[in-house]
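See below for the structure under consideration.
Derivation of every value follows stated rules applied to the coordinates shown; laboratory data play no part. Keep in mind that this is a model prediction, so the values were computed, not measured. For neighbour counting, all protein chains shown are included, and Cβ atoms are generated from backbone atoms with ideal geometry for every residue, glycine included.
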Amino acid sequence: MAEFGSFCVVLALTFCFYAVFSLFYGAKSGRRDLVKSGENAVFVMFGFVTMAVFALEVLLMRSDFSIEYVAGYSNRDLPVFYKLASLWGGQKGSLLFWSWILTMYTALVALRNRRYAGKLIPYTLGILSVTSAFFLILNAFPANPFERLAMDHGDGVMHAFTPEDGKGLNPLLQHPAMVIHPPMLYLGYIGFVVPFAFCLGALLTRELGSAWIKLARRWTLTAWLFLGTGILLGGRWAYVELGWGGYWAWDPVENASLMPWLTGTAFLHSVIVQERKNMLKVWNVVLILATYLLAIFGTFLTRSGIVSSVHAFAQSSIGNYFIVFLCLMGAFSIYLVVTRLGFLKSDNELDSYASREASFLFNNLVLLAACFAVLWGTIFPVISELIQGEQVTVGSPFFNRINVPIALFLLFLTGVGPLLAWRKTSFESMRRIFLWPTLAGLVITAASIALGNRSIYAAISFGLAAFVTTTLTSEFTRAARARRRNTGENFIAAVLGVTATNKRRYGGYIVHFGFVLLMVGFTGQAFTTEGWGEVNVGERFTIGHYEFECLAIDDVEDPNFVGMSATVAVYKDGKKLDTLAPEKRHYAASDQTTSEVRMHHTIQEDVYVVFANVNEETNKAVLQVWINPLVSCVWLGGFVMVLGTLVTLLPNRRERAISRQKHMVERLLAEAERAAASR
């Protein structure tokens, strides 16, 4: 099976090279037969990578420890669920998984646009195939997941070696969220290659109107959705698995996933301006190119070992390949942008700063400022080590100091943008539409301070959340009332009808409301209470408004681990709320120890309990506790953002009709050209 997998990778690479040649040469020479052959090669390439992934999964399920990757990331007692997930648990397997998703995206682009008659799609598929070739080269040579284990018995000859058991999957990864989190991140990271390829294809063909924007928008939105969902699932995993009471630590690898999400968000906003006003052409090209290059940069950080992170893979020379690929793609992108500037001139200019297009522009500037701050804080320790030989630590205080004001300004713009008109908004109109949202924001800010809030940023955040919620509510209410007058529907039916009529606009508003909930959840961190207690069975300790009693300390045994469990009763105002059983586990296969967190959840706050250890001198259980307010808003906000994005992705009937007409015209023109050429 290992030889079969390796052979499939080599065959996939062969067909990939053929696809690159036939797509580019066929498009350049006008040979439609070659282009069609290249498209077929893309499908075959995806098929062979799929078989290679299947082969590795079979080896993992069989526990074939003669394979180096299987021995390093699986063991006999590992549950089947996690054996399947071991595919992306290590460097080599995750790169094969990356190639599979990349070739899947390439095949989907070819399938979805198979009737497109212009040159843009062949060039786009060619760029996707070039990127696929890079990753398949890694799979075939420096990161082959099908290599067999071998060892030197002292005679200078490497002999095949099969251990009795494997090292097992990292215990921190043995959590349901980590089974879903990496595939989501990969779908997001890799998904941005599609709009990147459309953009390069447009630059190569000089077709730099709005056609490539419309073709790439849904792909961008899909990648943005997957990446955002992956980031939230990663935060959830960190919250329930790492045992430090939080969900975001400004870790370098966390930052690496956030940066392309920020620039992707900026792109999704600014393309609206290009579609509506035919402006910001250079801006949009630069944004989508930067988004994918930042995704590759994040992959480089994760796989090179130059940063220390619980999320990163071990130090490896594979990072050198990524930095070369990143430099080549970056240089090629810059060259194309510089040489095509004449084709990227905007047809219109900004009429007023009090306009919707201006709010989108300010929104982009704020997002890019946040991205630059995160990028600088992430790479500064690396630069410091290269120059001074000493790595400086850049921690959460730096990132919070810079990004909290930026996030608040972004929240403000989220409320302002929907209410401004295109081109120009009069002062009288602004006074009228912002009156109630402003009053709501001021009232909530004052109420927050009156209730004892002494954090100025938290008070502003709550006020802005009320401001934005009021603006979004007024937009839905105004549209629903107009629909009720015309149709006689009840209010809820009118809201649903308005949303269905303009999914892109009102789905975007739902996403904005999800962002409001996220900001409220983030603000809750300003009120976190932390403490610990050292207790025997039957003893109690108090943290905040809660009291904790240790009821029992028991041993825990499982085929995959051993450990201890502390049973803890949680009380508030003398009333028992819950019984929690946090654990401390030791995994023999990997010789690692983890803490299994247990929580009492309410909408208002989480009671977060960790069994830290047992004091060897006193034989008492050491329990750490965090009281985390408003955390539920983070997860609810993420769900609302996903829901809004899915609404936005739903096709409109008008769009489908226009698309069908466009394809019909293109097919008729292509047939006419072929008929003319034959005569």
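Rounded to the nearest 500, what is the chain's calculated 222 nm mean residue ellipticity when only DSSP H runs of at least 4 contribute -39500 (n - 2.57) each, over all residues?
Calculated at 222 nm, the ellipticity per residue is -22000 deg cm²/dmol.
Evaluate the distance, in nm, between pseudo-label points positioned 7 Å from the Cα of Phe141 and of Thr501 along their respective Cα→Cβ axes.
5.9
Among 451-458, 562-569, 532-539, what's the highest-first ranking by average C-beta atoms within 10 angstrom per residue?
Going from most to least packed, we get 562-569, 532-539, 451-458.
When Lys and Arg each count +1 and Asp and Glu each count -1, what net charge do the other residues less than 15 Å away from Lys575, Cβ to Cβ, add up to?
Working: positive: Arg540, Lys572, Lys576; negative: Glu547, Glu549, Asp573, Asp578.
Local net charge: -1.
Which lysines have a Cα lying under 16 Å from the Cα of Lys345, excluding residues fewer than 8 positions away in the same chain?
Hits, sequence-local ones excluded: Lys277, Lys281.
Ranked highest first by the average count of other Cβ atoms within 10 Å around their residues, in what order do 63-72, 237-246 fall?
Ranking the peptides 63-72, 237-246 by packing returns 63-72, 237-246.
Give a quick list of trypsin sites (Lys or Arg not before Pro) in region 1-44 that DSSP marks as loop, anything other than H, G, I, E or B, with at most 16 other Cβ atoms within 10 Å.
Filter output for region 1-44: Arg31.
Bin by bin, in steps of 10 Å, what percent of the Cα pairs in region 527-632 do you find, going until the bin that has the longest distance?
15, 47, 29, 10, 0
When a/c reaches 1.5 or more, the comparison of a/b and b/c decides; with that in mind, is region 329-459 rounded, prolate or oblate per its Cα gyration tensor?
Here region 329-459 falls in the oblate category.
Figure the gain on full extension for Asp573 and Tyr335 (residue separation times 0.36 nm, minus the Cα-Cα span) and round it to one decimal in nm.
Details: separation 238, 0.36 × 238 = 85.68 nm, distance 6.73 nm.
That pair, Asp573 and Tyr335, stretches by 78.9 nm at full extension.
Give the relative contact order (percent, whole number) for the chain; include only Cα pairs under 8 Å separated by 6+ residues. Don't skip to the answer; put the middle values down first.
Numbers: 1144 pairs, mean separation 68.8, N = 679.
Relative contact order for the chain comes out at 10 percent.
Note down the net charge around Glu549, summing +1 for each Lys or Arg and -1 for each Asp or Glu among other residues with Cβ under 12 Å from its Cβ.
Computed value for this residue: -1.
Normalised by the residues of region 498-574, what does the relative contact order come to in percent, with Cα pairs under 8 Å and at least six apart?
Averaging sequence separation for qualifying contacts and normalising by length gives 18 percent for region 498-574.
Which residues' amide hydrogens lie under 5 Å from the amide hydrogen of Asp578, considering only partners 5 or more residues apart or on another chain, with H built in the peptide plane?
Result for Asp578 returns Val570.
In a shell of Cβ-Cβ distance under 11 Å around Trp224, excluding Trp224 itself, what net charge do Lys and Arg (+1) and Asp and Glu (-1) give?
Computed value for this residue: +2.
Quick one: 3J(HN,Hα) in Hz for region 552-561, Karplus 6.51/-1.76/1.60 with θ = phi - 60°, rounded, Gly and Pro as x.
6, 10, 10, 7, 10, 10, 8, x, 9, 6
Quick one: if you stick a label point 7 Å off each Cα along the C-beta vector at Ser210 and Arg31, how many nm between them?
Here the answer is 3.7 nm between the modelled labels.
Dividing the Cα convex hull volume of region 175-379 by residue count, how many Å³ per residue is that?
Taking only Cα atoms, region 175-379 has a hull volume of 120 Å³ per residue.
Per-residue counts of other Cβ atoms within 10 Å, averaged by peptide: what ranking do you get for 348-358, 103-113, highest first?
103-113, 348-358
Contour minus end-to-end for His601 and Arg485, with contour as 0.36 nm per residue of separation and end-to-end as the Cα-Cα distance? Please report the intermediate quantities before stating the final value.
Working: separation 116, 0.36 × 116 = 41.76 nm, distance 4.33 nm.
Full-extension gain reported as 37.4 nm.
Please list the radius of gyration and Dmax for region 190-230, considering alpha-carbon atoms only, with Å as the unit.
Using the Cα atoms of region 190-230, the pair Rg, Dmax is 10.8, 35 Å.
Kindly give Rg over Rh for region 22-176, based on alpha-carbon atoms, with the Kirkwood expression for the hydrodynamic radius.
On the Cα set of region 22-176, Rg over Rh gives 1.12.
How high is the relative contact order of region 165-248? Use alpha-carbon pairs under 8 Å, at least six apart in sequence, and give a whole percent.
About 42 percent, as a whole number.
May I ask you to list the GluC sites (Glu not before Pro) in region 134-230 that are in a DSSP loop and have at most 11 other Cβ atoms within 10 Å of their Cβ?
Those that pass, being in a loop and sparsely packed, are Glu164.
With a length cut of 20 Å (Cα positions projected on each helix's long axis) and a Kyte-Doolittle mean of at least 1.0, go through the chain and give me the DSSP H helices that pass.
2-29, 32-61, 120-140, 281-304, 318-339, 356-388, 396-416, 427-450, 631-649
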